[in-house]
Amino acid sequence: MTTQGKTINITLKVWRQKGPGVKGKLETIEAKNISTDMSFLEMLDTINEGRIVQGKEPIEFDNDCREGICGMCGAVVNGIPHGPEKAMTLCQLHMRKFKNEDIIVVEPWRARAFPIIKDLVVDRSALDKIIQSGGFVSMVAGGAPDANAIPISQNIAEKAMDAAACIGCGACVAACPNASAMLFVSAKISQLALLPQGKPEAAQRAWNMVHAMDDCGFGNCTNEKECEAACPKEISIVNIARMNREFIKAGFASHVM
Amino acid sequence: MLDGKIPAGPLEQKWDKYRSTMKLINPANKRKYNIIVVGTGLAGGAAAATLAELGYNVKNFCIQDSPRRAHSIAAQGGINAAKNYPNDGDSIWRLFHDTIKGGDYRSREGNVYRLAQVSNNIIDQCVAQGVPFARDYGGLLDNRSFGGAQVSRTFYARGQTGQQLLLGAYSSLSRQIGLGKVRMFPRSELVDLVVVDGRTRGVVMRNLVNGQLESHAGDAVILATGGYGNVFFLSTNAASCNVGAAFKAYKKGAYFANPCYTQIHPTCIPVSGTHQSKLTLMSESLRNDGRVWVPKDPSDKRSPANIPESDRFYYLEEKYPSFGNLVPRDVASRNAKEVCDKGLGVSATGYAVYLDFSDAIKRDGKDVVAKKYGNLFDMYHNIIDDNPYETPMMIYPATHYTMGGLWVDYELQTTIPGCFALGEANFSDHGANRLGASALMQGLADGYFVIPYTIAPFLANNGNSDIQKDHAAFKDAEKKADAYVKKILSINGKQTADEIHRKLGQIIWDYVGMARNNEGLKKAIGMIKELQEQFWSNVTVPGSDTDYNFALQKAMRVADFLEFGELMAVDALDRQESCGGHLNEAFQTDEGEARRDDDNYCHVAAWEYKGQGNEPAFHKEPLVFENVELTQRSYK
Ligand SMILES: Cc1cc2nc3c(=O)[nH]c(=O)nc-3n(C[C@H](O)[C@H](O)[C@H](O)COP(=O)(O)OP(=O)(O)OC[C@H]3O[C@@H](n4cnc5c(N)ncnc54)[C@H](O)[C@@H]3O)c2cc1C
Ligand code: FES
């Protein structure tokens, strides 16, 4: 049944923090006549438009593509990163999933490695640092052999693609009680370890990336599996097992130590 | 007369000849050059990584919090290359010819041929990076036909080709950042280009976290800042897509080419209300199995299932019997607008048409349809809350891509020496209309395989820039940018930047959109000027310029769009013909096709900024066709 044209009234309890390192708090904001056709971010837009004309500071939140692929958006909604719907980013969540009079608590990603910039906006550059430490194949433009020179079985290519679908949003970190980035790191390590192009450096890559993760202040993985449940792209924790295998291999290979 | 500096000689040899006779910079000297790359999409990311691999020092900037989030990430369908793996008759020549024809003969032969030549290297490069393209059962790369092409030349990675290609470029870029060859500056936006003594000297960037203005001097600047589709407010583009960087370069002397060429994609989710912030693209592939129709009678308000065949108007199938629902994008879009303007549209707004899968489901079964389009149907269901397996989808055209951009020569250099433009930000390869799966190809071609060569002659001829960031020109640019930001914050009016942007978008959509006429264009220019005044007297922007302030970012982009929208209309008015995505209603064939005027308009229109409030100056680059014959399109 379509819900087109309906509106609801909601109460937001949203995290407000002026800047990095200062104290923040939840602010209660009433939002009336929210169309259920709106996306969650359009609901925030609507509130912000109203606040701007009233001379109040809008709620800052990150967003860009608004179609679930860039990984820029994200907030913890009622305790769940990206909100209650499975396999969905915050920008894809629609207000028809909420009821009239709902109280909705909205908080930023919380992790030592993700300092808050303002309100719901956090600094996720630690994820980039991990990739810089080894999340690539060492090659330069121009020297590649013909693309069909190495056949790769469809099964392997599909598994690599499953891992490569990670959007780097950081929801896994926000969901983890230890604020570990293991799912993120393992997805990249898996993708490249599965493919022949990535194999020569697989062990070294795992070693470098896991150490970079520690250096950035992410926690350890204790198999809580919250990451997998929160991932909007349904990245599997099988990747963590694969990564551990590469990491152990690296530990044995003396040249990387 | 503008000179594109296309190398002489036979088409097939131009690029080879250029590469083998151009000036080089020896490896030890490359590290003495500092190159600024603005943008980390396919074009900018690929360029920054590759230039660093060659040994140059690179500074790379982007608006998002990570280079991996550039708008290229959203591309779904695929990337073209002339590999001819399926053995179905493709070739470099054919890809070249299709691109020239698709662009309605308004692009350069030399550039397009080079693009087709390097297309194959791109696929090799991406596979070597670990991009997981789709493969067949034998483990070889799979191809599909896309956007009505007669050969299968499109490589893809599920429905996430742009994401995988961008992550490939991002991985190469990350490697160079790790090695210290690239310094990355995310969350920063270009506010000015600094030009002294006729040479580009660097940029002034605004740090979006703390509002600081930061100058960066360099020996060359590369703008790979994407397209300007968001001038329409509603488009398939990401929120931060803007014309700002290109427009600042325009104001500093770079000519802007063909701003009126925009592409409207026929299959997008229609507008449902004023809260809407974007229009989501539904893949073009849907038209392979979906049938487009509207009720014959405008007063027919029955639900689609209750409208019998005899009361349905399958307008594409009737008008274009041989291509039917698979006519090119611009033709499909224009026809949707036409039937809706006649009052035949569906949905609450009247601006939508049905895309109906019931025949396909009857013929092939629900499972087959689900296997092909399941994810798209889910996406639609989530946004519209309607099940497309049971009721036809509603679709409507939306702005998707902009063919116009900064004018560049064969070396991708703008009219300001030392300032280059790549990717969607330049105008170079798609003429008046772009073929599906060719934007990704062009962005990566420019970044991986063209600019790494074509920047060398400029550096070899001009040496290092002798101006550092403490020079008065930088200080002056910072001061002006600071005053500009403070001015916007001080207006304290009653309208938000978004409200004004939405109004601008409506004007552009109505008068500079899918079908244009002289009267409407003149009217639009007047309305935009009025809106500019409203902005500068009545906008309200909250907060300050010393911390993260998204509303301020938006307002600054809207200010640029307001000026740029006027330039679009001026360009459209100047081009008294129709071609590709630019349809002036006065110039149509009997079939309603764009009718070109090759005698008078077979040229690139490049506009030069002449100061606030003055008409821009027109420059012409004639297009010379030595290898293809100009023909009139027909899809009957
Ligand atoms: C939904 C969608 C689907 C598409 N699907 C396809 C497809 O299947 N095949 C195809 O070939 N094409 C497709 N396209 C088109 C294609 O994706 C784009 O044309 C292409 O990716 C543009 O790449 P780019 O590198 O030029 O720019 P972008 O990817 O837009 O990158 C621009 C970069 O510049 C930065 N930037 C912009 N302005 C500034 C500024 N003022 N200061 C600092 N930095 C700035 C941004 O942060 C970003 O890093 C699609 C487009 C859309 C919208
Ligand atoms: S805004 Fe891009 S994933 Fe949500």
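The values are calculated or read from the model by the stated rules, or taken from the named source; none is laboratory data. Since this is a predicted model, take the numbers as computed values, not measurements. Because the Cβ atoms are built from the backbone with ideal geometry, glycine has one as well, and the counts that use them run over all protein chains shown.
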*Hey, among the residues in the stretch B:135-147 that are in contact with a Lys or Arg (Cβ under 9 Å, 6 or more places away or on another chain) and buried (at least 20 other Cβ atoms within 10 Å of the Cβ), which one's nearest to B:Ala81 (Cα to Cα)?*
B:Asn143
*Can you tell me which residue in the stretch A:6-18 is surrounded by the most Cβ atoms within 10 Å (Cβ to Cβ), limited to those that are modelled with pLDDT of 95 or more and not in a strand (DSSP E or B)?*
A:Gln17
*Verdict on A:Met38 being more than 16 Å from ligand 1 (Cβ to nearest atom) and surrounded by 20 or more Cβ atoms within 10 Å (Cβ to Cβ)*: yes
*Starting from residues that are within 18 Å of A:Asn155 (Cα to Cα) and under 23 Å from the mean Cα position of the chain (by Cα), keep the ones in the stretch B:134-158 and report whichever is farthest from the other protein chains (Cβ to nearest Cβ).*
B:Tyr156
*Would it be correct to say that B:Arg175 is closer than 30 Å to B:Ala239 by Cα, among the charged types (D, E, K, R) and in a helix (DSSP H, G or I)?*
yes
*Out of curiosity, is A:Glu85 surrounded by fewer than 22 Cβ atoms within 10 Å (Cβ to Cβ) and closer than 21 Å to B:Met379 by Cα?*
yes
*With respect to A:Ile52, determine if the residue is more than 14 Å from the chain's Cα centre (by Cα), outside any loop (DSSP other than H, G, I, E, B), of a type in the set (Val, Ile, Thr) and closer than 16 Å to B:Asp498 by Cβ.*
yes
*Within the stretch B:30-69, work out how many residues are assigned to a helix (DSSP H, G or I) and away from chain A (no Cβ under 11 Å).*
6
*Scan the stretch B:423-440 and report the pairs whose first residue is in contact (Cβ under 8 Å) with a residue 60 or more places away in the chain and whose second residue is within 16 Å of ligand 2 (Cβ to nearest atom) and of a type in the set (A, V, I, L, M, F, W, C), with Cβ atoms within less than 8 Å and a gap of 6+ or a chain change.*
B:Ala439/B:Ala75; B:Leu440/B:Ala75
*Give the residue that is surrounded by the fewest Cβ atoms within 10 Å (Cβ to Cβ), with candidates limited to residues of the stretch A:43-54 that are polar (S, T, N, Q) and more than 7 Å from chain B (Cβ to nearest Cβ).*
A:Gln54
*asked:* Return the residues of the stretch B:591-636 that are exposed (fewer than 12 other Cβ atoms within 10 Å of the Cβ), at negative phi and either modelled with pLDDT of 95 or more or not hydroxyl-bearing (Ser, Thr, Tyr) (or both); say none if nothing qualifies.
replied: B:Asp599, B:Asn600, B:Lys610, B:Gln612, B:Asn614, B:Glu615, B:Ala617, B:Pro622, B:Glu626, B:Glu629, B:Lys636
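Rundown of residues vs (1) within 14 Å of chain A (Cβ to nearest Cβ); (2) without any contact (Cβ under 8 Å) to a residue 24 or more places away in the chain, yes/no style:
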{"site": "B:Leu279", "(1), (2)": "yes, no"}
{"site": "B:Leu286", "(1), (2)": "no, no"}
{"site": "B:Arg291", "(1), (2)": "no, no"}
{"site": "B:Arg329", "(1), (2)": "no, no"}
{"site": "B:Val368", "(1), (2)": "no, yes"}
{"site": "B:His381", "(1), (2)": "yes, yes"}
*Could you pull out every one of the helices (runs of 4 or more DSSP H) wholly within the stretch A:91-184 that has 2 or more residues that are touching a strand residue (DSSP E or B) at 6+ places or on another chain (Cβ under 7 Å) and at the interface with chain B (Cβ under 7 Å from one of its Cβ atoms)?*
A:154-164
*asked:* Just the residues that are part of a loop (DSSP other than H, G, I, E, B) and buried (at least 23 other Cβ atoms within 10 Å of the Cβ), please, taken from the stretch B:281-303.
replied: B:Met282, B:Gly290
_Matching residues in the stretch A:55-90 - criterion: being more than 9 Å from every other protein chain (Cβ to nearest Cβ), closer than 25 Å to B:Asn549 by Cβ and either of a type in the set (Ser, Thr, Tyr) or not in a strand (DSSP E or B) (or both)_ = A:Ile59, A:Cys73, A:Gly74, A:Ala75, A:His82, A:Thr89, A:Leu90
*Filtered residues of the stretch B:414-442 (kept if within 8 Å of ligand 1 (Cβ to nearest atom) and either within 19 Å of B:Ala48 (Cα to Cα) or more than 11 Å from the chain's Cα centre (by Cα) (or both))*: B:Leu422, B:Gly423, B:Glu424, B:Ala425, B:Gly436, B:Ala437, B:Ala439, B:Leu440, B:Met441, B:Gln442
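Condition check ((1) crowded, with 24+ Cβ neighbours inside 10 Å; (2) within 22 Å of the chain's Cα centre (by Cα); (3) farther than 19 Å from B:Asn433 by Cα; (4) within 16 Å of ligand 2 (Cβ to nearest atom)) across all residues:
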residue	(1), (2), (3), (4)
B:Glu53	no, no, yes, no
B:Pro67	yes, yes, yes, yes
B:Ser72	yes, yes, no, yes
B:Ser91	no, no, yes, no
*asked:* If I filter the stretch B:524-539 for residues that are within 14 Å of chain A (Cβ to nearest Cβ) and of a type outside the set (Phe, Trp, Tyr), do I get at least one hit?
replied: yes
*Within the stretch B:135-164, how many residues are assigned to a loop (DSSP other than H, G, I, E, B) and in contact with a Ser or Thr (Cβ under 6 Å, 6 or more places away or on another chain)?*
5
